[in-house]
Amino acid sequence: MAARLTDMEARRAKPRATAYKLTAGDGLCLAVMPSGGKYWWLRYRFAGREKTFSIGVYPNVSLKEAEAAAQKARTLLRNDIDPTEDRRARKFALRMSAENTFGGAAELWIKHNTPRWKPATLEKVRQYLDKDLLPSLGRRPLANITPMELGVAVAKIEARKAHNVAKKTRQWLGKIFQFAIAKGMTSTNPAEYLAAVAAAAPQSKRQPHLSPDELPAFLQALDRYPGTPLVKGATWLALWTANRPGITRTLRWSELDLDAALWKVPKGREGMKRGYEHITPLPRQAVAMLRQMHKMTGTFEYVFVNRNDPRSPMSNGAVNAMLRTMGYGGQQTAHGFRHLVSTALNERGYNADWIERQLAHGDPDAIRGTYNEAHYIEDRRRMMQAWADYLDALRVGAAVIPLRRAAQ
């Protein structure tokens, strides 16, 4: 049996005119080239073919290291795995891991979702990624990102008290990694359990709103207020419908069917939370006010136009500014009208589903039933007409009995 190659023999081997090999046993050999280079090779057979597995360059790879590598290759062969193909697959996976970065996955995810997002959603996603995630994570391979690393990124957002931003960021991180897994860019989702370490957000402050006992004085003060009928009209419409302030001040004439006493906010409309379609039945008082308003602004796109530029809607703070001038600053806000109406209707025992639909809570498409049943149009029409009549009685100082619920 031939003696096995020693490290001294490998070190002293001199180049010759042609390449030659020094056997190290079990198929392992050291190939000595005319240039002086020395290479570890393992000769083996796989699927009936003679093949050579390159292990490395001597002396960078020592004899001991070469023997260990050869032993690993033989172990693969015993399990019917070609060591050359195994190495190629591992190199490919490593290269893809380096190329599949968080920034790349985020861009593909955005591109995939852009057709179904509203422009405002796309802008918000871009803003959050560019500011809070891409600077630290953009070039990181997806496979190397850990839950702790993502937790640190989100904790920085929470540290500046931006808890809503942090919540959205956690959601989008999870979706980006889910998308990357589906695309074969990574195999794990380190964002899966981020909610478990989320900082406690402070309780949101409810918008100030008046109590029912304070309504008569407020309504009478609103009647006396000498300001523009545009701002007063927007305020009354908020009281009559409980729609969101952003939707009310940007009401378009094209959304109104005054003959049918309906206000139809189309799906995807800006200012409408989550972009749902919303249909609002209008009480007689609202229809009458809007017909009067049409004489003033009917030639423009918006019902409540901006005083400085009638091509634009009323400013965001116009109603709140009027409320402060009336002396109700800190007691009532434009958004607080929604709380006021919701509280009043719930206290009077109206169907909770009607009230939630009036407030545009939840997706009407997800509610089973026919068109009118899903939107509760006629039920809400009776409810809101009774509410508007009740407000009329309060503002003229009539003796009124508490608002009674309609039959359900």
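The values are calculated or read from the model by the stated rules, or taken from the named source; none is laboratory data. Keep in mind it's a predicted model, so treat the numbers as computed, not measured. Note that each Cβ is placed from the backbone with ideal geometry, even for glycine, and that neighbours are counted across all protein chains shown. What goes into the accessible areas is simple: the full protein's heavy atoms, side chains included, and nothing from ligands, DNA or RNA. Shrake-Rupley method; radii C 1.70, N 1.55, O 1.52, S 1.80 Å.
Express in nm, to one decimal, how much length is gained between residue 296 and residue 224 on full extension, taking 0.36 nm for each residue of separation and deducting their alpha carbon distance. Spell out each step's value before the answer.
Numbers: separation 72, 0.36 × 72 = 25.92 nm, distance 2.05 nm.
Full extension from residue 296 to residue 224 adds 23.9 nm.
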Diffusion coefficient in µm²/s returned for segment 103-143 by Stokes-Einstein, Kirkwood Rh over C-alpha pairs, 4 °C and 1.567 mPa s, is 121 µm²/s
Counting Lys and Arg as +1 and Asp and Glu as -1 over every other residue whose Cβ sits under 13 Å from the Cβ of residue 263, the net charge comes to +2
A correct Karplus calculation of ³J(HN,Hα) over segment 38-44, with 6.51 cos²θ - 1.76 cosθ + 1.60, θ = phi - 60°, whole Hz and x for Gly and Pro, returns 10, 10, 7, 10, 10, 8, 8
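Tally up the carbon and sulfur contribution to the accessible surface of the chain as a whole percent, 1.4 Å probe, everything protein left in place.
Roughly 53 percent, rounded to a whole number.
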For residue 20, the residues 5 or more places away or on another chain with a placed amide H closer than 5 Å to its own amide H are 32
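How big, in percent, is the set of alpha carbon pairs in segment 257-317 lying more than 18 Å apart? Walk me through the intermediate numbers first.
Details: 879 of 1830 pairs.
Here the long-distance tail beyond 18 Å is 48 percent of all Cα pairs in segment 257-317.
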Taking max minus min of the Cα coordinates of segment 181-280 on each principal axis, largest first, gives extents in Å of 66, 36, 21
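I need the peptides 336-344, 350-358 ranked by packing, meaning the mean over residues of other C-beta atoms within 10 angstrom, with the highest value on top. Write out the running numbers ahead of the final one.
Values: 336-344: 20.8, 350-358: 19.0.
Result, highest mean Cβ count within 10 Å first: 336-344, 350-358.
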In this structure, among 168/267; 124/156; 91/124; 175/264; 21/72, pairs with alpha-carbon gaps over 27 Å are 91/124; 175/264
In Å³ per residue, the alpha-carbon convex hull of the chain encloses 245 Å³
Over segment 71-225, the quotient of the Cα radius of gyration and 2.2 N^0.38 Å is 1.64
A correct Kirkwood calculation over the Cα atoms of segment 202-351 returns a hydrodynamic radius in Å of 16.0 Å
Filtered hits (aspartates and glutamates, Cα-Cα < 13 Å from residue 232, offset >= 8 within chain) -> 223
Cα-based Rg and Dmax for segment 1-121, in Å, come out at 22.5, 79
Inter-part gap, Cα centre of segment 98-129 to Cα centre of segment 208-276, in whole angstrom, is 35 Å
Counting only protein heavy atoms and leaving out ligands, DNA and RNA, the solvent-accessible surface of residue 296 at a 1.4 Å probe, in Å² to the nearest 10, equals 100 Å²
